[in-house]
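The values are calculated or read from the model by the stated rules, or taken from the named source; none is laboratory data. The structure displayed is predicted, hence computed values, not measured ones. No Cβ is skipped: glycine too gets one built from the backbone with ideal geometry, and neighbour counts run over all protein chains shown.
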Amino acid sequence: MKNLFIIIAICLFLPTVSKSQYLEFGVIGGFSTYSGDLNPTTQRISHGEFRYSVGGFLRYNLGSYFTAKFAVSAGRLSARDYDSLDPARKARNLQFKSTFIENALSLEYNILGYDPIFMTKRVSPYIFAGIGMVYFNPKALYNGEWVELQPLNTEGQGLPEFPARKPYKKVAIAFPFGFGLKVALSNKFNIGFEAGVRKTTTDYIDDVSTTYVADEIMNETLGPISFQLANRSGIRKETGDIRGNPESNDWYAIGGLTMSYNLSSSNKYGKRKRRGIGCPTF
């Protein structure tokens, strides 16, 4: 009797799984923005300039409610103190722009369930969370040209006088999370919207994190370009003067419209269903 119940349970469960699991690939295009030391205000929820982002993704739909997704995104982040509403930041006069490339793996939860293959659940909001890696490369404008900031060690990285300040890497871990909406146009095509923020393990997407190094040390040790891009305020700075906030890492956000194509159809699964899985009849 116990074995009979197991067989019945398997027969009921397997068709549901086989109908629900399928691959889907798509694209996303929209906006990107950053939140960090060059925010226009001192409030954490403020952000830098809105820029563009594009990307592609591959989803493996595990069922009506859960989806695993691998995504590659690229775009631009930027901000400048000139636009700040805070007088101290406006006087600091720093700026940056950076291209970013992100690879991320996340898990989505379809709140209402989503089944475009059989068109039984055609619309669902969803939430997601995951982990990824992001490449960035902050630059600033100097004499009409955009100059890479990381090699300039604008906060004294690598100097023997500051052994704790190591040159930062241009790759960091990112933790994406957010929400979206999926709509099935047919059993093949989907459209939607997605927006999410990324918490990172770096405070240098904008090349700003901690305190100034004295102007004389910067100019004499690292050179005039490093000195001028480290301190653009026109005011003499001493070692220890506040430049950024090392207590909080940088964030960024990506959002946009999505379009995707399902690599399976209801006809394909219908054929599987008609062949059956060999379950006994009683």
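Taking region 82-107 as the range and being without any contact (Cβ under 8 Å) to a residue 60 or more places away in the chain and among the charged types (D, E, K, R) as the test, the residues that pass are Asp83, Asp86, Arg89, Lys90, Lys97.
Is it the case that Val208 is within 29 Å of the chain's Cα centre (by Cα), among the β-branched types (Val, Ile, Thr) and not in a loop (DSSP other than H, G, I, E, B)? In short, no. Within region 137-152, residues that are within 20 Å of Asn219 (Cβ to Cβ) have Cβ atoms under 7 Å from residues that are among the basic types (Lys, Arg) in these pairs: Val147/Lys139; Glu148/Lys139; Leu149/Lys139; Gln150/Lys170, counting only partners at least 6 apart in sequence or on another chain. Scanning region 248-263 for residues being part of a loop (DSSP other than H, G, I, E, B) and either among the basic types (Lys, Arg) or crowded, with 21+ Cβ neighbours inside 10 Å (or both) gives a total of 1. On the stretch given as region 158-179, residues that are assigned to a loop (DSSP other than H, G, I, E, B) and either closer than 16 Å to Ser98 by Cα or not aromatic (Phe, Trp, Tyr) (or both) total 12. Cβ separations smaller than 9 Å between residues 6+ apart or across chains give the following pairs from region 201-225 residues that are at positive phi to residues that are polar (S, T, N, Q) and assigned to a loop (DSSP other than H, G, I, E, B): Asp207/Thr154. When the criteria are applied in full, Ala88 fails the requirement of being crowded, with 16+ Cβ neighbours inside 10 Å and either of a type in the set (A, V, I, L, M) or at pLDDT 95 or above (or both). Of the residues making up region 66-85, those that are at pLDDT 95 or above and either aromatic (Phe, Trp, Tyr) or part of a loop (DSSP other than H, G, I, E, B) (or both) are Phe66, Phe70. Tell me which residues, restricted to region 119-130, are surrounded by fewer than 15 Cβ atoms within 10 Å (Cβ to Cβ), farther than 18 Å from Ala195 by Cβ and in contact (Cβ under 8 Å) with a residue 40 or more places away in the chain. If the condition is that a residue be surrounded by fewer than 15 Cβ atoms within 10 Å (Cβ to Cβ), farther than 18 Å from Ala195 by Cβ and in contact (Cβ under 8 Å) with a residue 40 or more places away in the chain, then Met119 is the only one that fits. Mind checking whether some residue in region 187-194 is assigned to a loop (DSSP other than H, G, I, E, B) and over 27 Å from Lys237 (Cα atoms)? Taking every residue of region 187-194 in turn, at least one turns out to be assigned to a loop (DSSP other than H, G, I, E, B) and over 27 Å from Lys237 (Cα atoms). If you check Glu155, Glu216, which single one turns out to be acidic (Asp, Glu), surrounded by fewer than 21 Cβ atoms within 10 Å (Cβ to Cβ) and either at pLDDT below 95 or not in a strand (DSSP E or B) (or both)? Glu216 is the lone residue from the list that is acidic (Asp, Glu), surrounded by fewer than 21 Cβ atoms within 10 Å (Cβ to Cβ) and either at pLDDT below 95 or not in a strand (DSSP E or B) (or both). Across region 194-212, what is the total count of residues that are among the hydrophobic types (A, V, I, L, M, F, W, C), under 28 Å from Glu108 (Cα atoms) and buried (at least 24 other Cβ atoms within 10 Å of the Cβ)? Within region 194-212, residues that are among the hydrophobic types (A, V, I, L, M, F, W, C), under 28 Å from Glu108 (Cα atoms) and buried (at least 24 other Cβ atoms within 10 Å of the Cβ) number 1. Just name the residue that is surrounded by the most Cβ atoms within 10 Å (Cβ to Cβ) out of those in region 158-193 that are under 22 Å from the mean Cα position of the chain (by Cα) and of a type in the set (D, E, K, R). Per the stated criteria, the residue is Lys182.
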